[in-house]
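Bear in mind these aren't lab numbers, they're just calculated from the coordinates by the rules spelled out. What you are looking at is a predicted structure, and each value in this text was computed from that prediction instead of being measured. FYI the Cβ positions are ideal-geometry reconstructions off the backbone, even for glycines, and counts take in every protein chain you see.
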Amino acid sequence: MDAAALHAHLESLERALLDPSVRADASRLDALIAEDFMEIGASGAAFGKSNVVTRLPDESGVVFEVETMRVHRVSEDIVRLVYAAVRVTDGDTRRSLRSSWWRRETDGRWRMVFHQGTPDTGAGTI
């Protein structure tokens with residue numbers, strides 16, 4: 001897969017994980033998230049896959065607006081994706097800087113292995 005195709009593919013996977021219909025579907029989440037997944041949330045709390053797959057389907061009223069995503073290939077099977085996002089929940093708007101690490105598994109599918117969302121202080125850009 002060339003660089004442009006890889007970028008488009010991983011951006012579509014990342015955007016899927018921000019889509020309310022995917023977030024509401026535990027089986028779709030399970031397919032996109034690696035077994036050894038870890039998230040460090042904007043709250044500072046850490047979560048594993050089971051927590052995310054259980055928690056996200058119960059969310060409601062969450063909408064994300066995403067700015068340009070940047071893909072950085074670390075190795076043949078590891079990619080880091082960074083971007084800024086605005087999360088709107090019941091009128092509460094929060095902007096965060098996000099980083100996700102994706103790994104190509106032995107079955108050839110890409111799955112997220114790490115994600116971090118950090119509140120955006122406006123002190124820099126991605």
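A straight chain from residue 3 to residue 16 at 0.36 nm per residue would run longer than the Cα-Cα distance by 2.7 nm. Along the Cα-to-C-beta direction of residue 45, a point sits 7 Å from the Cα; which residues of region 99-117 have their amide N less than 18 Å from that point? Taking a point 7 Å out along Cα→Cβ of residue 45, the residues of region 99-117 whose backbone N falls under 18 Å are 115-117. Indicate, rounded to the nearest 5 percent, the antiparallel portion of the DSSP beta bridges found entirely in region 3-119. Antiparallel bridges make up about 90 percent of those DSSP assigns within region 3-119. Peptides 13-19, 38-44 ranked from most to least packed give 13-19, 38-44, packing being the mean of other C-beta atoms within 10 angstrom over each peptide's residues. In whole angstrom, note down how far apart the Cα centers of region 17-37 and region 96-115 are. Taking the Cα centre of each part, region 17-37 and region 96-115 sit 12 Å apart.
Extension gain, residue 118 to residue 104: 0.36 nm times the residue separation minus the Cα-Cα distance gives 2.5 nm.
With θ taken as phi - 60° and the Karplus curve 6.51 cos²θ - 1.76 cosθ + 1.60 applied, the whole-hertz 3J(HN,Hα) list for region 107-112 is 7, x, 7, 8, 9, 6 Hz, x standing for glycine and proline. Taking only the Cα atoms of region 3-119, the radius of gyration and Dmax are 13.5, 42 Å.
Adding -39500 (n - 2.57) for every DSSP H run of four residues or longer, then dividing by how many residues the chain holds, sets the calculated 222 nm ellipticity at -7500 deg cm²/dmol.
Ordering 112, 1 by the number of other Cβ atoms within 10 Å of each residue's own Cβ, fewest first, gives 1, 112.
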